[in-house]
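Just below is one structure, and these are the notes that go with it.
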Amino acid sequence: MKPNAAPLLGVRVINFSRMAPGPFAARLLADLGADVVMIETAQPPSRDPDSFLANRARESGVHPLYRGVTSVCVDMKQADGMQRARQLALEADVLLESFRPGVMSRLGLGYESLSSDAPQMIYASLTGYGQDGDLASVRGHDLDFLAESGLLSVLGRKNGVHEVPLNIVADYAAGGLYGAYSILVALISRRQTQRGCYLDLSIVDNLRHLMAPAEAWLATSQADGDGKFFTGHCPFYNTYQAGDGKWLTITAVEPQSFSAMIDATGLEQHRGNREAEDTWPAMHGDLARWVRQGSRDEAVRQLRDADVPVGTVRSLAEGIRDQRAHSKTTAFPHPGYFRSETDALPRYTPKPGSNRPTSDITDES
């Protein structure tokens, strides 16, 4: 971070979490200037050179979850180790943990114990199901959280079978991103009240918060979103394979976009069928045949020339290469992994005349 450009400069975060949601939340805070310290409870990572958590790997930027993070190894099984962990926690503005309910309290690191000595502490417990309820003590991961929230039921289905999505939505969005957002809100509140707080962050609750449109579906008797635009049933909000075997997306959901799609494809027989769901299977077949007539790039070009919303389905590697080509990134070859140093988000420019620099937030770690 450049001097004075970091909005969280001077904020210390102690991270006791392990799986992806917690470290991602901490990394987002580190990107904004927070001093993030991760508490390790095993042997120092440098003793395991092949581990993704190894010092060498972190220093070379291989693991993006640990960018800008300091690691402190503490033996929590020893009394002096527990004392060290407690002292580090009491020195922090924010404590982040992801253990099942009761674990931190048994270690002497629960909210009630620490907040009595540090009333300004923001204590964030980021778990799958929250601190109470029937599932509070149940183990789970991204796919389980998607299932319990109801979201998995309306994600991609193939021949009636639910496809397994990459662990981005629950772990990183509902977990890490919502976690960082909640901590930022708590930090703002602390400025006004001079008091800390406890954050009970449930990934399942956060997923349901993300699913605001679902309430409208249910209110209009569209159970599970069947037949609606965004669940794979709609031909003009779908994926198609071109003649060269590559895939593209078409998202012509607005009336003007739908009309432009008809103009570009010449499928006049479907011009009046945007809301006629009984015609959608036939429309899907006709669109699929049109796309297969040429290459993906040809179809994308024709549709974009007509101002139709369309995208190219890129592989993960292609998406990363394209990101590097269009943003401020630095990459270097590494066996099996990559390094990408995109600017921290959000990017912002202070108001002219401010004593803060106008450069984007950057990370020099």
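For Ser17, which sequence-distant residues (separation of 5 or more, or a different chain) have an amide H within less than 5 Å of its own amide H, given hydrogens modelled in the peptide plane? Excluding prolines and chain starts, which carry no amide H, the hits are Ser98. Computed from backbone phi with θ = phi - 60° and the Karplus coefficients 6.51, -1.76 and 1.60, the 3J(HN,Hα) list for segment 284-300 is 4, x, 5, 5, 4, 5, 5, 5, 5, 5, x, 7, 4, 5, 5, 5, 4 Hz; x is used for glycine and proline. Taking one quarter of the surface of the convex hull spanned by the alpha-carbon atoms of segment 174-320 gives a direction-averaged projected area of 12.7 nm².
Taking amide H as placed 1.01 Å from N in the peptide plane, Met121 has its amide H under 5 Å from the amide H of Gly196, each at least 5 places away in sequence or on another chain.
Computed about the Cα centre, the dipole magnitude for segment 123-193 is approximately 280 debye when only Lys and Arg (+1) and Asp and Glu (-1) carry charge, each at its Cβ.
Could you list log10 I(q)/I(0) for segment 97-217 at q = 0.13, 0.15, 0.16 Å⁻¹, which the Debye formula gives when each Cα is one point scatterer? With one equal scatterer per Cα and no solvent, log10 I(q)/I(0) is -0.59, -0.74, -0.82. With all protein chains in place and ligands, DNA and RNA left out, the 1.4 Å accessible area ranks Cys234, Cys197, Cys73 as Cys73, Cys197, Cys234, largest first. Solvent-accessible area of segment 62-127 (1.4 angstrom probe, protein heavy atoms only): carbon and sulfur portion equals 48 percent. What segment 70-181 shows is 51 Å² of accessible area per residue, with the surface traced by a 1.4 Å probe over protein heavy atoms.
The values are calculated or read from the model by the stated rules, or taken from the named source; none is laboratory data. Model, not experiment: these values are computed from the prediction. Backbone-built Cβ (ideal geometry, glycine too); neighbour counts: all protein chains shown. The area values use the complete protein model at the heavy-atom level, side chains included, leaving out ligands, DNA and RNA. Shrake-Rupley method; radii C 1.70, N 1.55, O 1.52, S 1.80 Å.
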